[in-house]
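Chemist: My questions will all concern the structure given below.
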């Protein structure tokens, strides 16, 4: 088994993987397999890179996901814990544990809603927003490096094609937005 440029020792190249698959499964379309295998490997390596970046900032990917969800909710960056759990595909207990850690770290606050004392609100702190901005700065640099060899036109086409594929999967698997363990 060979190395892929920048890949792990012992991992077969895409071509070696496809040849092995074709040997075992003759109905395989090598063009399709090359695309999905490359996407899978790219996703795995990007996740590792993002994990290293968040770890360097002192937060976990799980905490990053909460920061991102709060920012995406728009100013004033507030959501209920159950809404956060649903958006992230987590159980309420897992969300509570995550929020507890983030409150201790000063990334979010958890307060009772003044208009409905039963309801709890999780809000992004200025420190949490700063952490989100720094993570975005690091991710943007990584992503620009990743796509540096693509022209503006190629980036546009790639974005459109990947969006079409994503829509197809989301339509076929509407319940697959959460974590895999939630689907077991």
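FYI, it's all coordinate maths here, none of it is from the lab. Remember, predicted model here, so these are calculated numbers, not experimental data. Positions of Cβ are generated from backbone atoms using ideal geometry, with glycine treated the same way; all protein chains shown enter the neighbour counts.
Chemist: Please grab the % of Cα pairs in the chain that end up more than 19 Å from each other.
Modeler: Counting every Cα pair in the chain, those more than 19 Å apart make up 70 percent.
Chemist: Based on the alpha-carbon gyration tensor of the stretch 1-90, what equivalent-ellipsoid semi-axes (square roots of 5 times the eigenvalues) come out, in whole Å, largest first?
Modeler: They are 38, 17, 9 Å, listed largest first.
Chemist: Here's something else I'd like to know. To the nearest 10 degrees, how steep is helix 92-104 against the longest Cα principal axis of the chain, on a 0 to 90 scale?
Modeler: 70 degrees
Chemist: What percent do you get for the relative contact order of the chain when only Cα pairs under 8 Å and 6+ apart count?
Modeler: Working: 148 pairs, mean separation 28.1, N = 184.
So the answer I get is 15 percent.
Chemist: Further question: Can you work out the FRET efficiency for the pair residue 48 and residue 111, with r the C-beta to C-beta distance and R0 = 35 Å, to the nearest 0.05?
Modeler: 0.45
Chemist: Write down the radius of gyration of the stretch 59-149 and its Dmax, each obtained from C-alpha positions, in Å.
Modeler: Values for the stretch 59-149 (Cα only, Rg and Dmax): 14.3, 54 Å.
Chemist: I would also like to ask the following. Per-residue ellipticity at 222 nm for the chain, helices alone: DSSP H runs ≥ 4 residues times -39500 (n - 2.57), over residue total, nearest 500 deg cm²/dmol? Intermediate values should be presented prior to the final figure.
Modeler: Values: 7 runs with 114 residues, N = 184.
One gets -20500 deg cm²/dmol as the mean residue ellipticity at 222 nm.
Chemist: Based on the mean of other beta carbon atoms within 10 Å per residue, what is the order of 132-141, 32-41, 93-102, most packed first?
Modeler: 93-102, 132-141, 32-41
Chemist: Which whole-number percentage describes the relative contact order of the stretch 59-149, with Cα contacts under 8 Å and a sequence gap of 6 or more?
Modeler: Numbers: 92 pairs, mean separation 24.8, N = 91.
It comes to 27 percent, rounded to a whole number.
Chemist: What FRET efficiency comes out for the pair residue 37/residue 133, r = Cβ-Cβ distance, R0 = 41 Å, nearest 0.05?
Modeler: Values: r = 34 Å, r/R0 = 0.84.
Taking R0 as 41 Å, the efficiency between residue 37 and residue 133 is 0.75.
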